[in-house]
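To start, the structure itself, in structure tokens.
The values are calculated or read from the model by the stated rules, or taken from the named source; none is laboratory data. All values reported here derive from a predicted model rather than from experimental measurement. So basically every Cβ, Gly included, is an ideal-geometry build from the backbone, and we count neighbours across all protein chains shown.
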Amino acid sequence: MISVTNLTKFHGSQRVLNGVSLTVNRGEVTALVGPSGGGKSTLLRCINGLETFQSGGVEVAGNKLAGGPTHDSRVLQKLRLSVGMVFQQFHLFPHMSVLDNVMSGPLYALKQKRGEAEATARKLLDRVGLKEKADARPANLSGGQQQRVAIARTLAVKPLAVLFDEPTSALDPQMAKEVLAVMRDLAADGQTMIVVTHDMDFAERATVVHLMQAGEIVKSGPPAEILKEHR
Amino acid sequence: MKKLPSCRRFALALLLLSLPALATAQEKKPLRWGTDPTGGAPYIYRDKTGEYTGFEFELAEYLAEKLDRKSVLVEGDWANLPQQLKKPADVENGVDIILNGYELRKDLAAKYGVTRPYYVYRLTLMASKESDTTTWDDLPGKSVGVLGGSAAHRYVKKRYGRTVDLKTNPDVANVMKLVNDRRMDATVQDSPAATYFLSEYGGLKGVGEPVQAGDLPGYYVIYYRKSDVELGKALDGALSAGLRDGTFKKIYSQKKYDLWNADQEALLPTLDKPWPPENLPAEESPWPDLIEELLLSAGMTVFLAVTSFPLAMAIGLTVALGRVYGVRLVSIPLGIYVEVIRGTPLLLQLFFLYYVIPEMLLNTERDWFIWLAKEISPLRAGILGLAINYSAYEAENYRAGLLAIPKGQMEAALALGMSRRTAIRRVVVPQAWRIVIPPVTNDFIALFKDTAACSILFVTELTRKYNELFNFNRDLVIELAFLTAGLYLAMSYPLALLARRLERRLAGGKGGHP
């Protein structure tokens, strides 16, 4: 469903991704692990078009991105509706309530009616365990709660796949646990995900693990195989 | 009978030149008389040879000679001249008397010595010969020009209230011309000026009968210092003599003035009665009128501010969005716009909008442009000028606000599948708006006061009204200044309070600081 072929990206003269290829099938949980600066987050950002790249290609559910200085904005929008993203720093919209945050995608991207969007949003908040926080402001939530809201917000547009960019790195262990529990729950439900993570417990339950170093995928395989050596 | 003044002067000059022994005549004590020659004919004006003439000029020459003093003309501003009597006579622009169509008024008579009248005026209504104004009762609904602060001004206001469109103007000749050219419907003027201009401008007609301005006949009198008792007596003596022996009749009857009439004949019997008459009708307090006028013009100030500022905000936001998110072809010209507008004075921009641009449009000789040029009224130019000027500052505020929003906000919105446009509208701008509310409110308060610049376009807002009232009420200068400043403060301070509240509420809403 997601395929990356021979992706190469430079920051100036520095090569950040060097011919990366990978495929993600429906229902798979893919974990990207490896040292900081290895290009994991950049790869994720290239997949949903937040970054451009010089050569190679990305295809998500039939939407293709190619190398070049810009992407076609229509293709980008369609692609992004099929692949959601959860950020390390949550990036909730501070001027909206929790409920409005979760509804923002359906309302402003999918142009759904308010009633429909609200029903979905409340269900999702329930699923991440924050039903009673619907009217709160993001600033009044803990980091873990904020990240769970961010996950609900991403799921609200019903993406085929979700990209998680170090979703627990900004959280203390207790809060990280809450977030990981939600993610495991999603994975169990068959949600396609690519997760950049340093959390080995989570990576162990992934379908495939890719180890990235210096802009290249140096090893791929089942978690047991890859993680043993990585440790 | 006396010789004509100019002849007398000429003769005197000859004598002085040929007979130095007579130089003592030059040491006559001067009679410094204050007048405003811009008030014009027939009171005092320059004839074709450039020499001063006018019935009051001739009167002053007569009085000086009668008092055996040397006539010295001191020019001043009509409304300001009475104040000159508070200073000594021998300072620069000091005067002994003021003689320039000042009527007998209780407030002036209380402060200064007042002579017997030298002329009785009425108020004459004039309109264009082609106008449908044929009686005084036709005035409601018409535009009527008057000399601001004059008896005519008070009379029209009292008789017609707000049913007429009262236009005050400091220049009599200008008002006459406007009526003559049918750009104003009518004017009410003192009868001497009316008589003169009716013969001067072919397009004018007198309407109805001239009326008496108040309860008493309209007496022109001379004011002097209360302490100059002797001078007052001498002036009264000279005036009575001039009236009795026919000197005044001779001066006033000259064809160029044509001012002698039954009202002047009726002055003779009053010479035996005490003067000034007791129980002068009290002057009405000027304050109700002044306050009403100031409040109305404060309304215009508010109108200018509340119409121009939203426009400035809209233009500013558009410019800021273009600068932050636009391609270079858009952002560079917008950057230049901001710098040009910020770098030139508001006054100049207003001049440009009202004078230069219409001129340029007219020169194109294209119908549409000519139509546009004629649509630029002072009020529209004022609103647009303020809006454009402030749009540059608002653009910078918004630009700073937009740039202050973390990049992640835009990325999160895009990742949800929003278009860039929607992300800007729903996510970035609302957050930027919260950041810029304090500086924007500040700018609104600043713009509120900058509306005063529109006074140069003849928009009657608070500052222009203050200037106008100040000119006709010199003795209330300080009170008026404080009142005007107070009005500005009374309007802008609540705005400042509102700004602070908004700021606090928004900070609270953001959850950061209560």
Filter result (among the small types (Gly, Ala, Ser) and surrounded by 15 or more Cβ atoms within 10 Å (Cβ to Cβ)) within region A:159-193: A:Ala161, A:Ala170, A:Ala176, A:Ala187
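Quick check on B:Ala404: is it at pLDDT 90 or above and in contact with a strand residue (DSSP E or B) (Cβ under 6 Å, 6 or more places away or on another chain)? It would help to see each step written out before you state the result.
Numbers: at pLDDT 90 or above: yes; in contact with a strand residue (DSSP E or B) (Cβ under 6 Å, 6 or more places away or on another chain): no.
Judged against the criteria, B:Ala404 is not a match.
Give the residue, chosen from B:Arg380, B:Arg464, B:Arg399, that is in contact with a Lys or Arg (Cβ under 6 Å, 6 or more places away or on another chain), on the phi < 0 side of the Ramachandran plot and more than 11 Å from every other protein chain (Cβ to nearest Cβ). Before the answer, list the steps.
Numbers: B:Arg380 fails: in contact with a Lys or Arg (Cβ under 6 Å, 6 or more places away or on another chain); B:Arg464 fails: in contact with a Lys or Arg (Cβ under 6 Å, 6 or more places away or on another chain).
Of the residues listed, the single one that is in contact with a Lys or Arg (Cβ under 6 Å, 6 or more places away or on another chain), on the phi < 0 side of the Ramachandran plot and more than 11 Å from every other protein chain (Cβ to nearest Cβ) is B:Arg399.
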Any hit, region B:218-235, residues being under 30 Å from B:Thr133 (Cα atoms), in the same structural domain as B:Leu108 (by TED's automatic domain parsing) and surrounded by fewer than 18 Cβ atoms within 10 Å (Cβ to Cβ): no
Of all residues in region A:52-76 being in contact with a Ser or Thr (Cβ under 6 Å, 6 or more places away or on another chain) and crowded, with 19+ Cβ neighbours inside 10 Å, the one that is farthest from the other protein chains (Cβ to nearest Cβ): A:Gly56
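Looking at A:Asn48, is it touching a strand residue (DSSP E or B) at 6+ places or on another chain (Cβ under 6 Å) and within 12 Å of A:Val83 (Cα to Cα)? If you could, list the steps in order and put the result at the bottom.
Numbers: touching a strand residue (DSSP E or B) at 6+ places or on another chain (Cβ under 6 Å): yes; within 12 Å of A:Val83 (Cα to Cα): yes.
Yes; evaluated as a whole, the condition is true for this residue.
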Subset of region A:77-88 [more than 7 Å from chain B (Cβ to nearest Cβ) and of a type in the set (S, T, N, Q)]: A:Ser82, A:Gln88
Output for region A:89-132, where each listed residue is more than 8 Å from chain B (Cβ to nearest Cβ) and either small (Gly, Ala, Ser) or touching a Phe, Trp or Tyr at 6+ places or on another chain (Cβ under 9 Å) (or both): A:Ser97, A:Asp100, A:Asn101, A:Gly115, A:Ala117, A:Ala119, A:Ala121, A:Gly129
The one condition in (1) free of Cβ contacts under 8 Å to residues at least 60 places away in the same chain; (2) closer than 26 Å to A:Asp100 by Cβ that A:Val162 fails to fulfil: (1)
Failed item, numbered, when B:Leu139 is tested on (1) without any contact (Cβ under 8 Å) to a residue 60 or more places away in the chain; (2) among the hydrophobic types (A, V, I, L, M, F, W, C); (3) closer than 22 Å to B:Pro286 by Cα: (3)
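Residues in region B:154-167 that are closer than 18 Å to B:Arg105 by Cα and free of Cβ contacts under 8 Å to residues at least 40 places away in the same chain: how many?
Initially, region B:154-167 is screened for residues closer than 18 Å to B:Arg105 by Cα, giving B:154-158.
Imposing the further condition that a residue be free of Cβ contacts under 8 Å to residues at least 40 places away in the same chain reduces the set to B:156, B:158.
Final tally of qualifying residues: 2.
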Check on B:Thr134, more than 26 Å from the chain's Cα centre (by Cα) and either assigned to a strand (DSSP E or B) or touching a residue at least 24 places away in the same chain (Cβ under 8 Å) (or both): yes
Index of the failed condition, A:Val196 passing every other in (1) closer than 25 Å to A:Ala156 by Cβ; (2) surrounded by fewer than 22 Cβ atoms within 10 Å (Cβ to Cβ): (2)
Search result, residues across region B:40-97 that are assigned to a loop (DSSP other than H, G, I, E, B) and hydrophobic (A, V, I, L, M, F, W, C): B:Ala41, B:Ile44, B:Leu67, B:Trp78, B:Ala79, B:Leu85, B:Ala89, B:Val91, B:Val95
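For region B:412-420, check the following and say yes or no: at least one residue is assigned to a helix (DSSP H, G or I), more than 14 Å from chain A (Cβ to nearest Cβ) and not small (Gly, Ala, Ser).
Here is the first cut: in region B:412-420, the ones assigned to a helix (DSSP H, G or I) are B:412-415, B:420.
Subset that is more than 14 Å from chain A (Cβ to nearest Cβ): none.
Within region B:412-420, none of the residues are assigned to a helix (DSSP H, G or I), more than 14 Å from chain A (Cβ to nearest Cβ) and not small (Gly, Ala, Ser).
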Residue satisfying condition, being closer than 30 Å to B:Asp245 by Cα and more than 28 Å from the chain's Cα centre (by Cα), within set B:Leu63, B:Leu73, B:Leu108, B:Leu104: B:Leu63
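Any idea how many residues of region B:421-441 are within 21 Å of B:Leu497 (Cβ to Cβ), of a type outside the set (D, E, K, R), touching a helix residue (DSSP H, G or I) at 6+ places or on another chain (Cβ under 6 Å) and surrounded by fewer than 22 Cβ atoms within 10 Å (Cβ to Cβ)? Can you show your working first?
Our first condition is that a residue be within 21 Å of B:Leu497 (Cβ to Cβ); within region B:421-441, this holds for B:433-441.
Filter once more, keeping what is of a type outside the set (D, E, K, R): B:433, B:435-441.
With the extra rule that they be touching a helix residue (DSSP H, G or I) at 6+ places or on another chain (Cβ under 6 Å), the set shrinks to B:435-441.
Next cut, surrounded by fewer than 22 Cβ atoms within 10 Å (Cβ to Cβ) only: B:435, B:437-439, B:441.
Number satisfying all stated conditions: 5.
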Those residues of region B:402-411 which are in a helix (DSSP H, G or I) and at the interface with chain A (Cβ under 10 Å from one of its Cβ atoms), in sequence order: B:Lys407, B:Gly408, B:Gln409, B:Met410, B:Glu411
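Here's the yes/no breakdown for (1) within 23 Å of B:Ser308 (Cβ to Cβ); (2) at pLDDT 95 or above:
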{"site": "B:Phe352", "(1), (2)": "yes, no"}
{"site": "B:Tyr355", "(1), (2)": "yes, no"}
{"site": "B:Leu361", "(1), (2)": "yes, no"}
{"site": "B:Ile370", "(1), (2)": "no, no"}
{"site": "B:Lys374", "(1), (2)": "yes, no"}
{"site": "B:Tyr393", "(1), (2)": "yes, yes"}
Selection status of B:Ala193, at pLDDT 90 or above, among the aliphatic types (A, V, I, L, M) and part of a helix (DSSP H, G or I): yes
